[in-house]
Amino acid sequence: MSWRKKSNLDWLRGLAGIREDEPLATRTSFGIGGPAEFFVEVGRVEAIERMVTGCVEREIPYLLLGAGTNLLIADAGVEGLVIRVVNREHVIEGTRVRAGAGLKMMRLARIVADADLRGFEFAIGVPGTVGGAVYQNAGCWGKEMKDVLVDVHGFVPGKGAQTWTANDLHLAYRTSALRQGALHGALVVDAMVQLERGDGEEAKRTMAKLTQERNETQPIKTKNCGSVFKNPHGDSAGRLVQAAGLKGLREGKAVVSTLHGNFIVNEGGAKAKDVAGLIAKVKAEVKRRFNVELETEVEFVGRWK
Ligand code: EPU
């Protein structure tokens, strides 16, 4: 039986700040995708917990959204409730920082540099939020969340609040137990990272240099979802795409970046199905030419069928 019965719809419509048929494309870095059936923005942890628990109890599908930087939302949109997590607080205690899941990694990188802390410069190259970065062990320039993460406060629907150590999360290259494992469906409330005392001005200079480098090698000013594919072991997806002659390949308004082969750019008005088609073509050609199975880093969400 469908979850869409009157009592569930009444419950959803009674949530504070609820919106129906809410466009999501503008809430993703790709600028692609259909609407959320129901949408709410929440900052307070108790409210997020209440909503997620309510969805689980009523078997209403839900999706937790951060900055939407690593998502490909289907053109038909997302069924059920989309909860945009916007808790953005942070607390610095000595060389440790606890940050809300909704805080942007790039913002946190600047905050900790202002506090003369080092070791988080890599985050200036990580689009998305702290929550998203934990979820997929995001990284840049050879460093990733795994290198700095101490613990995470979270919430398992039906089981309540929990604290996970970095070990509990089984962080690996662009994944975790939250993305693919025992904690799938759980939500990140905040995360603590361990940094080192140092010269914040130097950290800022390093970050400026790294940003400039990223500007030259990645199409960061375009609408995109970051890396489309994970790097295969010991190689680079971007290199393989280039070697297969696929840069510039297009489907509708979606095009494989001519600057970096592991990016797909929405030139304006691209459809999710165009991007999905392009991804399928790139995978097939890289497999045919080099016998390498590329795995997507971007996550497909919503009504694809
Ligand atoms: N290369 C090509 N052609 C291309 C792109 C790259 O030949 O079109 C070559 C480069 O010349 C270089 C090698 O491939 O020799 C690796 O490229 P790059 O240094 O650009 O790094 P990457 O492996 O493509 C990774 C992360 C990026 C991160 C950069 C910088 C993945 C999938 N990607 O890219 O992360 O910004 O390193 O640290 O791990 C992201 O995850 O969204 C992301 C952008």
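Assorted remarks:
- For segment 77-105, the residues whose backbone nitrogen is under 17 Å from a point 7 Å from the Cα of residue 13, taken along Cα to Cβ, are 80-81.
- Estimated translational D of segment 201-261 in µm²/s (Stokes, Kirkwood radius over Cα pairs; 25 °C; 0.890 mPa s): 187 µm²/s
- Burial ranking of peptide ranges 195-208, 91-104 (average Cβ count within 10 Å, highest at the top): 91-104, 195-208
- Applying 1/(1 + (r/R0)^6) with R0 = 30 Å to the Cβ-Cβ distance of residue 46 and residue 20 gives a FRET efficiency near 0.80.
- Extension gain, residue 299-residue 58: 0.36 nm per intervening residue step, less the Cα-Cα distance, totals 84.2 nm.
- Remark: segment 10-140 carries a charge dipole of roughly 500 debye about the Cα centre, counting +1 on each Lys and Arg Cβ and -1 on each Asp and Glu Cβ.
- Positive-pole candidate from 81, 180, 153, dipole of segment 81-180, charges at beta carbon: 81
- With only Cα atoms counted, segment 255-305 has Rg and Dmax values of 11.8, 33 Å.
- Along its principal axes, segment 98-189 has C-alpha extents of 39, 23, 19 angstrom, given from the largest down.
- Taking the Cα centre of the chain as reference, the dipole from Cβ charges on Lys and Arg (+1) and Asp and Glu (-1) amounts to some 820 debye.
- Classification of segment 114-164 by its C-alpha gyration tensor yields a prolate form. The axis ratio a/c (a ≥ b ≥ c) is 1.5 or more, and a/b outweighs b/c.
- Three-way shape call for segment 16-124 based on the alpha-carbon gyration tensor, with the a/c threshold at 1.5: oblate
- Each helix, a run of at least 4 DSSP H residues, gives -39500 (n - 2.57); summed and divided by the residues of the chain, these come to -8500 deg cm²/dmol at 222 nm.
- Largest first, the extents of the alpha carbon coordinates of segment 118-254 on the three principal axes equal 49, 40, 29 Å.
- Applying a threshold of 18 Å to the alpha-carbon distances of 223/281; 146/204; 230/281; 223/305; 104/159; 104/271 flags 223/281; 146/204; 223/305; 104/159; 104/271 as lying beyond it.
- Paramagnetic label zone (point 7 Å from Cα along Cα-to-C-beta, residue 168; backbone N under 13 Å) in segment 107-131: none
- Quarter the surface of the alpha carbon convex hull of the chain and you get the mean projected area, 15.9 square nanometres.
Every read-out reported here was derived from the displayed coordinates using simple, explicitly stated rules and does not represent laboratory data. Note that the coordinates shown come from a computational prediction; the quantities given were computed from them, not determined experimentally. Cβ coordinates were reconstructed from backbone atoms using ideal geometry, including for glycine residues, and neighbour counts include every protein chain displayed.
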